[in-house]
Amino acid sequence: MSEEAVPGLRREAIGLREVLFQSITAMAPAAAVAASIPSGAAFAGGSLPLSVLIALVACLFTASCVAELAREMPAAGSVATYTAQGLHPSVGFLVGWGYVFVEALVPPLLLLQLGFTTAGTLHQEWSSYPDDLWWPWSLAGAVVIGLAGYLGVRASARFGTVLGVFEVLVFLVFAVWLIAKAGGDNTLSVFGTSHTAQGYDGISGVFAGSVYTVLAFAGFEAAAPLAEETKDPRRTMHRAVLGAALAIGLVYVLTTYAMSVYFGPDKFAGFGASGTASWEGVARASFGLFWVLVFLAVVNSTIANANACATVSTRTAFALARIRVFPALFARVHPRHRSPVAGVAVQCAVSVAVMLGLGFAYDPVTAFLLLATVIVTVVIGVYIVVNLACAGYFLRRRRELLKPVRHLVFPLLGIVAFVPALLTAAGLPVFDFVTELTPPVSYAGPVVGVWMSAGVVILIFLLRRHPGRIAETARVHLDETSTTAPSQSGVVQS
């Protein structure tokens, strides 16, 4: 295998702290606590803390698989490389094709949320401010994210760290405050099944709530594409992926418990993402100006999440362009900052175009729901395939390191945990708590189908004309100076 023909990313630029917060901010903890997790309250009611705890355990199975693969294969290609090695390079290409697509859509998704959240709050405080004047705030966020990406991984990762610390601290402080205010109403019964919503009694309500809350964990794998820019990547990637999933999962459990006991477990089925029965609503009614910090934490979370996922999309695109299965444009790096500057520019342009196009074609909230459905559907599909790849990798390539529980049982449990979430995200009414999607949100399925079909066409073309490029999807660049060597099929053994 010849040396790579393009300049690489900056080696050893960041450490565990920055990489850990790359995953943490990609999970968007403040936005998840305030908006995503409450969607499960309609089913689990005051037992939602138990749903979140179940979701945490379920997600740790997949996080363990990603962490194991990240330790074995530190590569900017991340999930594409893992599935190429564990299953087949063609599968790796398709996973990378889908992953770049959805990670590129996360920034416009979050910029839409930034716009309508800020505009709505300003209108609520000052009625003269138009509640539909959302786009200037979204554009301002796009500029911030584009600048952070241009300045390189050190700038974007440290920026994400600062934002991540702020949003987590705000909700932790608020949670402790709520627990103290609840006083004698604190109860461990919320970790049982006695407070579920009407019509979803017992464990069925808890399970339904966990399916919706599991979506709040998406993003824990976002550290993996930074492997080639990280110090001691094998050790650091493993700790960051698992650490982010566990730490933020516990934050979700604590904050959901706090609000459940403060608001009242038997009334919690009516809790949601907006209005008086919401995090901001409770803060406004009972804690004075503390609601401002809650609002700022959610806004902060949108920017941090968009920044983290822009980093993921540009690094994954760089990895695929480096082996010439993506246009060479995405492999260009800045001579000083060593950032994939062309990819950053394309990401910024896509973000603005998608955000304004869908936001004005429909409205920002509807556009947000459409993008969210596309993203979640593909991301959960990727998680399921990566679980399979973990089992395949250790069975086929590293049998001497195979640990049956960690490498076979955990992947199986991870798949079982995410299949219901995938069906829910796609709006397939397999369970009675799943709501069938309506237009335009129902267009998400065809959009994903068209994109993946285009990927299959490109894959067939490359297999016929340039099969070696697809084989290089499994290439682990950091291993090239060590004992790693390509096999006769062109797949790197590690």
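Nothing in this text is a laboratory measurement; each read-out follows from the coordinates by a stated rule. All of these numbers come straight from a predicted model, not from anything done at the bench. Backbone-built Cβ (ideal geometry, glycine too); neighbour counts: all protein chains shown.
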- Message: Give me the Å³ per residue figure for the convex hull around the C-alpha atoms of segment 320-395.
- Response: 135 Å³
- Message: Between segment 408-430 and segment 191-231, how far is it from one alpha carbon centroid to the other, in angstrom?
- Response: 11 Å
- Message: Show me the ranking of peptides 207-220, 279-292 by mean Cβ neighbours inside 10 Å, starting with the highest.
- Response: 207-220, 279-292
- Select from Leu112, Asn305, Val325 the residue farthest towards the positive end of the dipole of the chain; place +1 on Cβ of Lys and Arg, -1 on Cβ of Asp and Glu, and compute about the Cα centre. Val325
- Query: Scattering from the C-alpha atoms of segment 364-426 alone, worked out with Debye: what is log10 I(q)/I(0) at q = 0.12, 0.24, 0.28, 0.29 1/Å?
  - Reply: -0.39, -0.90, -1.06, -1.09
- Message: Largest first, please: the extent of the C-alpha atoms of segment 278-376 along each principal axis, to the nearest Å.
- Response: 56, 34, 21
- Note on the structure: Packing-ranked peptide list from 413-419, 252-258, 155-161, highest mean Cβ count within 10 angstrom first, is 252-258, 155-161, 413-419
- Angle, helix 364-396 long axis vs. longest principal axis of the chain, Cα atoms, 0 to 90°, nearest 10? 50 degrees
- Message: Given R₀ = 41 Å, what would the calculated FRET efficiency be for Arg465 paired with Phe360, taking r from the Cβ atoms and rounding to 0.05?
- Response: 0.55
- Query: Rounded if a/c is under 1.5, else prolate if a/b is larger than b/c, else oblate: which is segment 64-205, with a ≥ b ≥ c the root eigenvalues of its Cα gyration tensor?
  - Reply: oblate
- Using 0.36 nm per residue, how much length does the chain from Ser127 to Leu246 gain when fully extended, once their Cα-Cα distance is taken away? 38.7 nm
- Would you mind classifying segment 334-449 by shape? Square roots of the alpha carbon gyration tensor eigenvalues, ordered a ≥ b ≥ c; an a/c under 1.5 is rounded, otherwise it is prolate if a/b is larger than b/c and oblate if not. oblate
- Virtual spin-label span in nm between Phe431 and Val409, 7 Å along Cα→Cβ: 2.4 nm
- Message: How big is the dipole moment of the chain about its Cα centre under a simple scheme where the beta carbon of each Lys and Arg is +1, that of each Asp and Glu is -1, and everything else is neutral? Debye, nearest 20, please.
- Response: 1580 debye
- Query: Mind listing the phi-derived Karplus ³J(HN,Hα) values for segment 277-286, rounded to whole Hz, using 6.51, -1.76 and 1.60 with θ = phi - 60°, and x for any glycine or proline?
  - Reply: 8, 8, 4, 5, x, 5, 5, 5, 6, 10
- Of the options Val33, Thr81, Leu48, report the single residue whose Cα projects farthest towards the positive end of the charge dipole of segment 1-139 (beta-carbon charges: Lys, Arg +1; Asp, Glu -1). Leu48
- Note on the structure: Taking a ≥ b ≥ c as the square roots of the eigenvalues of the Cα gyration tensor, with a/c under 1.5 meaning rounded and otherwise prolate when a/b exceeds b/c and oblate if not, segment 165-209 is oblate
- Task: Please list the radius of gyration and Dmax for segment 249-307, considering alpha-carbon atoms only, with Å as the unit.
- Result: 12.3, 38
- Query: By residue number, which cysteines of the chain lack any other Cys whose Cβ falls under 4.7 Å from their Cβ?
  - Reply: Cys59, Cys309, Cys348
- Task: Before anything else, pin down the relative contact order of the chain: Cα pairs under 8 Å, at least 6 apart, normalised by residue count, whole percent.
- Result: 32 percent
- Task: Place the peptides 83-95, 131-143 in order of packing, highest mean first, counting for every residue the other Cβ atoms within 10 Å and averaging per peptide.
- Result: 83-95, 131-143
- Task: Between beta-carbons, use under 15 Å as the cut-off and find the net charge around Val102, counting Lys and Arg +1, Asp and Glu -1.
- Result: -1
- Item | Per-residue ³J(HN,Hα) for segment 39-55, Karplus 6.51 cos²θ - 1.76 cosθ + 1.60, θ = phi - 60°, Hz, x for Gly and Pro | 5, x, 5, 4, 10, 8, x, x, 8, 4, x, 5, 4, 5, 4, 5, 4
- Relative contact order, percent, segment 323-453 [alpha-carbon distance under 8 Å, six or more residues apart]: 21 percent
- Of every Cα-Cα pair in segment 40-124, the percentage lying beyond 16 Å is 71 percent
- Message: Could you compute the net charge surrounding Val378? Neighbours are other residues with a C-beta less than 14 Å from the C-beta of Val378; K and R count +1, D and E count -1.
- Response: -2
- Message: Let me check against my output: what whole-number percent is the relative contact order of segment 1-155, with C-alpha pairs under 8 Å and at least 6 apart?
- Response: 14 percent
- Under 13 Å from the Cβ of Phe116, count the other residues' Cβ atoms, weight Lys and Arg +1, Asp and Glu -1, and hand me the total. -3
